[in-house]
């Protein structure tokens, strides 16, 4: 971490969480985040859903809601960037305060509520950086006051099909009432069918199929895991993201902020999200792509996600507490693990511990 990055991070931690994030985005836009000088080893190259990622570590949705800084994040060493969540119409989100740091636990609780500038503004911004390359996914969602959630997801596919490297259908945020109901069998089948059909029609115009990932919650039963696995395998979409934030508070029950409404992210989410990841890996089999997210805070935790079943990884809250050095630490851990295993690629490590984790009930 450069001195400027250290100084900026120190100053941001003095602000309240949401103001700090907005200031951080402004700083990155002005060049505060310096490009990485690190050269990734070929062992980190990962092929998923027809895409080749230079390394498996990306930024999770929520960090760059409006597509303002994906290129700066990729230059800093991310293998890919996911922007959003973006809704058809702009919305301000829930009332403030709505983001809370739990410093001792390296965690955050947020109830932002899909605050974003909407399809048109974000599409215009992404279109302006079209020729810069890099893998930039678009996370799509529904407006809080929408009469038809499925129609909002369809609109997202239609609007960004010409510019997204991949899509994420976010049906797992706890901060939009009724959204997680889309994880139920019939609702999920309707949604997946609609967005897959829309994507396929859009492919006739843009000349290729943009992969679709489904982002699910960690607060699901084993039965729901099996249901989701069956539906996605039958749907024709390309992958899953496991997982979003949790509404459970067992890991922080003694904290004064534990009763704040919203999704909990960060280190306390690691065990739950990684266990769900391992279960989902067994449920969908060894070849269906999964992006693992939730609680990655250092190199070893990232490696555990890979061995639990993740083909790719995403971070966000971990950057708040570890800084952008987390990127290099994760990649070095993965490179060293591949070398120690005698394998040729990080892909060789995916899911090796999934069965053991499920059996023990703990990563």
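Structure data summary
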| item | result |
| --- | --- |
| Tally, over the stretch 210-255, of residues that are touching a residue at least 60 places away in the same chain (Cβ under 8 Å) and out of contact with any strand residue (DSSP E or B) (no Cβ under 7 Å at 6 or more places or on another chain) | 1 |
| Test: residue in the stretch 38-53 that is in contact with a strand residue (DSSP E or B) (Cβ under 6 Å, 6 or more places away or on another chain), in a loop (DSSP other than H, G, I, E, B) and buried (at least 21 other Cβ atoms within 10 Å of the Cβ) | no |
| Single match in 90, 97 (criterion: touching a helix residue (DSSP H, G or I) at 6+ places or on another chain (Cβ under 9 Å), modelled with pLDDT of 95 or more and loosely packed, with under 15 Cβ neighbours inside 10 Å) | 97 |
| Subset of the stretch 147-179 [in a helix (DSSP H, G or I) and at pLDDT 95 or above] | 149, 150, 151, 152, 153, 154, 155, 156, 157, 158, 159, 160 |
| Residue match in the stretch 321-328 (condition: touching a helix residue (DSSP H, G or I) at 6+ places or on another chain (Cβ under 9 Å), closer than 25 Å to residue 219 by Cβ, in a helix (DSSP H, G or I) and assigned by TED's automatic domain parsing to the domain that holds residue 102) | yes |
| Test: residue in the stretch 159-172 that is closer than 26 Å to residue 52 by Cα, free of Cβ contacts under 8 Å to residues at least 40 places away in the same chain and in the same structural domain as residue 314 (by TED's automatic domain parsing) | no |
| Residue list for the stretch 131-154, restricted to those being surrounded by fewer than 24 Cβ atoms within 10 Å (Cβ to Cβ), closer than 16 Å to residue 88 by Cα and out of contact with any helix residue (DSSP H, G or I) (no Cβ under 7 Å at 6 or more places or on another chain) | 144, 145, 147, 148, 151, 152 |
| Any hit, the stretch 117-126, residues being over 23 Å from residue 250 (Cα atoms) and not in a helix (DSSP H, G or I) | yes |
| The stretch 203-220, residues that are surrounded by fewer than 19 Cβ atoms within 10 Å (Cβ to Cβ) and touching a helix residue (DSSP H, G or I) at 6+ places or on another chain (Cβ under 9 Å) | 209 |
| Boolean, residue 124 is out of contact with any strand residue (DSSP E or B) (no Cβ under 6 Å at 6 or more places or on another chain) and closer than 23 Å to residue 157 by Cβ | yes |
| Residues located in the stretch 69-90, provided they are more than 18 Å from residue 324 (Cβ to Cβ) and either out of contact with any strand residue (DSSP E or B) (no Cβ under 7 Å at 6 or more places or on another chain) or part of a loop (DSSP other than H, G, I, E, B) (or both) | 87, 88, 89, 90 |
| Single match in 331, 267, 304, 279 (criterion: assigned by TED's automatic domain parsing to the domain that holds residue 59, under 21 Å from residue 168 (Cβ atoms), touching a helix residue (DSSP H, G or I) at 6+ places or on another chain (Cβ under 7 Å) and buried (at least 20 other Cβ atoms within 10 Å of the Cβ)) | 279 |
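The values are calculated or read from the model by the stated rules, or taken from the named source; none is laboratory data. Computed from a predicted structure; not experimentally measured. Virtual Cβ from ideal backbone geometry, glycine too; neighbours counted across all protein chains shown.
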